[in-house]
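Reading through the structure tokens given below for one structure.
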Amino acid sequence: KVLNLARNFLHGSFPSQIWDLNMLETIRLDDNVIGGQIPDNLEHLSSTMKRLIINNNTFSGTIRGVGDLTKLRSLELQNNNFIGSIPDSIGDARDIVSAKFHGNMLTGTVPLSICDNSFRVLTSDCRDASAFFVSCDCCTDCPVPL
């Protein structure tokens, strides 16, 4: 149920087969040098995945598939190489209390459906000085870009 490989000095691409494990509740890969993409479709994890913590890596591509994870409580994607916008469907995760998007190459606006949730922590690159700006009226923090 838990895959915790945080802070293990791992390098390379994340095996795509791991995303196929349909009983995972938590994936922790933070603070490695792991790359790859989040699949566009994660519906098979929608009823189990509660924590996706992959911050401080080299993941890239869009984060569309994360919107399928309606049982999420914690989503930490900060300090990777994600592009595109924050998907509106993340607002469907009604139990989510923490989401961190800063330190990526995201643009656009944090959707209102996300702002309707009661976040303890919600971050994005919402400072005007950021090269990649995400407008956010409900963020709890707009960290200074590294």
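The values are calculated or read from the model by the stated rules, or taken from the named source; none is laboratory data. Given the structure is predicted, the values throughout are model-derived calculations rather than measurements. Heads up, the Cβs are rebuilt from the backbone with ideal geometry, glycines too, and the neighbour counts pull from every protein chain shown. Accessible surface is based on the protein model in full, side chains and every heavy atom, while ligands, DNA and RNA are left aside. Shrake-Rupley method; radii C 1.70, N 1.55, O 1.52, S 1.80 Å.
Some values worked out for this structure:
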quantity	calculated
Enumeration of residues in segment 93-117 that are assigned to a helix (DSSP H, G or I) and crowded, with 22+ Cβ neighbours inside 10 Å	114
Segment 21-31, residues that are aliphatic (A, V, I, L, M) and surrounded by fewer than 18 Cβ atoms within 10 Å (Cβ to Cβ)	21, 23
Residue list for segment 32-50, filter: open to solvent by less than 60 Å² (accessible area, probe 1.4 Å) and over 14 Å from the mean Cα position of the chain (by Cα)	32, 34, 45, 46, 48
Answer residue from segment 56-66, given it is open to solvent by 10 Å² or more (accessible area, probe 1.4 Å), in contact with a strand residue (DSSP E or B) (Cβ under 7 Å, 6 or more places away or on another chain) and not in a strand (DSSP E or B) and is farthest from residue 84 (Cα to Cα) among those	57
Some residue of segment 122-130 being crowded, with 18+ Cβ neighbours inside 10 Å and modelled with pLDDT under 90	yes
Sole residue being open to solvent by less than 10 Å² (accessible area, probe 1.4 Å) and free of Cβ contacts under 8 Å to residues at least 60 places away in the same chain, chosen from 83, 90, 53, 18	90
Answer residue from segment 67-79, given it is touching a strand residue (DSSP E or B) at 6+ places or on another chain (Cβ under 7 Å) and open to solvent by 10 Å² or more (accessible area, probe 1.4 Å) and is farthest from residue 143 (Cα to Cα) among those	73
